[in-house]
Amino acid sequence: MATRLSPVSSILPPRSWESIREDFPILNQKIHGHALVYLDNAATSQKPKPVLEAIQRYYIHDNSNVHRGVHELSNRATSAYEGARRRAARFLNARSAHEIIFTRGTTEGINLVAHTWGEARVKAGDVILLTEMEHHSNMVPWQLLAQRTGAQLRYIPVTGPEGLLNLETLGALLTREVKLLACTHISNTLGTVNPVHDLCARARKLGITTLVDAAQSAGHLPLDVQQIDCDFLAFSGHKICGPMGIGVLFGRREILESLPPWQGGGEMIANVDYDHSTWNEVPHKFEAGTPHVEGAVGLHAALDYLDAIGRQRIFDHDQELAEYAWAGLSQLNGVQLFGPSKGRGGLISFLLRDIHAHDVITVADQYGVALRGGHHCNQPLMRKLGVPATARASFYFYNTRAEVDRLIEVVREIQRFFAHR
Ligand code: 7TS
C-alpha cells in the first residue's frame, strides 16, 4: 500500500507576518506624507493579491452566467460558484453546502432570516432576545419584524466598564415566549468575545432558535457551526479579505427546507405558471436572480488564504496586538478604554479627555493613521456607555507592533495638539 503523504500545508513552515504583509500592496503607501497605518479593519479588511488575482482570472477566462447555461463558460462559472459554496461550508464546518446561502453580507443574511423564518415562526406576544451590544444590523431587522408581527424585543444587559454580557440575567430572560436568541460573536465596539456556544446550548434546551452574528469573528478565529450548535450564522466577505458585496448565511438544513422563500425571481424556482410557482431546493430557493459569481470566486480565494495562515494563529495575533495597544493606551493620561482588558478581539474603542472622537480620527488621518470614530452602528450601546461616540482602532493579521507604537505616538501627538488650543 502506498504511504500517505501529509498535506503540503502541514509540512511547510508557517510564513512570516512580514512576507504575508507583502501580499497587500495597498498598505505600502503614504498618506499626507506619512506611512499608512490601516487600523480600520472592523469596517473592512484589505484584500491580498491572491484574492485580486482570482477575480481577475475569473473575468479573463471564465466569466458567464451560472446554472442555466450548458456552454463551457457557463459550466465553468457554475462550478466556480458552487465550488465557493462548498468551500464556505468547509470553512464553517457545516454539514453540507446546502446549508450555505450566498448573500450581500451579514446585514442581508440577518434580514433574510427576519423575513423568512421570522414571518413563518414569530407571532404577537413572542419574544426576540438580543444583547445590548448588537450592531444595528442585528437589531433593526428584528424591530421591523416585531412591528409586523406584534412580537417584543428583550436584551441581555452589558455589565459596567468590562463590557461583558451579564449572564446572571439569562435565567430570567430565557422564558418560554422567547422564539429567537440572536447574538454577536465579537462586539464591533467593545471587542468582547461572547460565549456563543454556551448561549446557544442554553437556548437549545428550551427549543429556542439561535442566530450568531459572526461579522467580527469569521476570519479572526476558528469557527465551527456544529461546535457552536447554532441554527443560523451570518458573516461578510469584505471583512475577511474577500470582496465587497458577498457574504454567507449558514442555516440548519431542516430549518431552511421548512421555510418559505424570501425574494422571488430567477434561480429560486422549480416551476412557474401564470398563477403560482414551486421552489427550487435549498439553498437556491433563497438566491433569486443572477448571483455575485465574482464575489464568490474572491471569497473562495480569501477563505483559502486565511486557512493557509491559520485562524488560530490569526486570533493569537489579534489578541497580542489588542493587548499591546491596550497596555500602551492605558499608560497615557486622560484615555478612557472600553471593553474587557483581556481575552478580547482585535479592536479597541477609546476616548481622549475633552477631545471629540471625530477630532481624534481627523487628526490621526493627518498622520496617516486610519481609525474610525462614531457610534459604530451601536447607538443604544453608546447611550448605555454614556458617550456620543468613540474612536476605534481595529487590527488584522497584517498589522504590526510597530504600527501600534505609531498609533500610541500619534495619540500623544493629538493630546499635545489639543492641549495647546
Ligand atoms: N454585525 C457586526 C457585529 C458588525 O460589526 C457589522 C459591520 C455588521 C454586522 C454589518 O456588516 P455588513 O458587512 O453587512 O455591513 N460593522 C462595521 C463597523 O464596525 N464599522 O463599519 C462596519
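The values are calculated or read from the model by the stated rules, or taken from the named source; none is laboratory data. Note that the coordinates shown come from a computational prediction; the quantities given were computed from them, not determined experimentally. Cβ: placed from backbone, ideal geometry, glycine included. Neighbour counts: every protein chain shown. For accessibility, only protein heavy atoms count, side chains too; no ligands or nucleic acids. Shrake-Rupley method; radii C 1.70, N 1.55, O 1.52, S 1.80 Å.
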The value for the chain (convex hull of the alpha-carbon atoms, volume per residue, Å³) is 176
By accessible area of protein heavy atoms, probe 1.4 Å, what ranking do Trp262, Trp326, Trp279 get, highest first? Trp279, Trp262, Trp326
What would the Debye equation give as log₁₀ I(q)/I(0) for the stretch 176-293 at q = 0.11, 0.23 Å⁻¹, counting only Cα atoms as equal point scatterers? -0.46, -1.27
Rotationally averaged projected area of the stretch 1-132 (alpha carbon convex hull; nm²): 16.2
Residue list for the stretch 253-270, given a label point 7 angstrom along the Cα-to-Cβ vector of Asn65 and an amide N cut-off under 11 Å: 266-267
Neighbourhood net charge (11 Å Cβ-Cβ; Lys/Arg +1, Asp/Glu -1) for Ala203: +1
Please work out the Cα center distance from the stretch 100-178 to the stretch 59-81, rounded to the nearest Å. 38
How big is the stretch 53-186 on each of its three principal axes, counting only the C-alpha atoms and giving the largest first in Å? 58, 35, 26
Starting from 0 in steps of 5 Å, tell me what percent of the Cα-Cα pairs of the stretch 149-230 lands in each bin. 3, 14, 25, 25, 19, 11, 3, 0
Over 21 Å [Cα-Cα, the stretch 108-258], rounded percent: 40
Percent accessible area from carbon and sulfur atoms, the chain, protein chains only, probe 1.4 Å: 52
Listed peptides 39-51, 127-139, 58-70 by packing density, highest first (mean Cβ within 10 Å): 127-139, 39-51, 58-70
For the chain: relative contact order, % (alpha-carbon pairs under 8 angstrom, 6 or more apart): 21
Rg and Dmax of the stretch 298-381 over Cα atoms: what are they, in angstrom? 15.6, 45
Taking only protein heavy atoms and a 1.4 Å probe, the highest-to-lowest accessible-area order of Phe418, Phe102 is Phe418, Phe102
For Cys241, Cys377, the accessible-area ranking with a 1.4 Å probe, largest leading, is Cys377, Cys241
Mean accessible area per residue over the stretch 272-421 (1.4 angstrom probe, all protein chains present, square angstrom) is 44
In the neighbourhood of Thr184 defined by beta carbon distances under 10 Å, the net charge of the other residues (Lys, Arg +1; Asp, Glu -1) is -2
Indicate the helices, whole DSSP H runs only, in the chain that combine a mean Kyte-Doolittle hydropathy of -1.0 or more with a Cα extent along their long axis of 18 angstrom or more. 72-92, 106-121, 293-309, 311-330, 401-419
For Glu82, project a label point 7 Å along Cα to C-beta. Then give me every residue of the stretch 268-306 with its amide nitrogen under 12 Å of that point. 283-284
To the nearest Å², the heavy-atom accessible area per residue of the stretch 46-166 with 1.4 Å probe amounts to 43
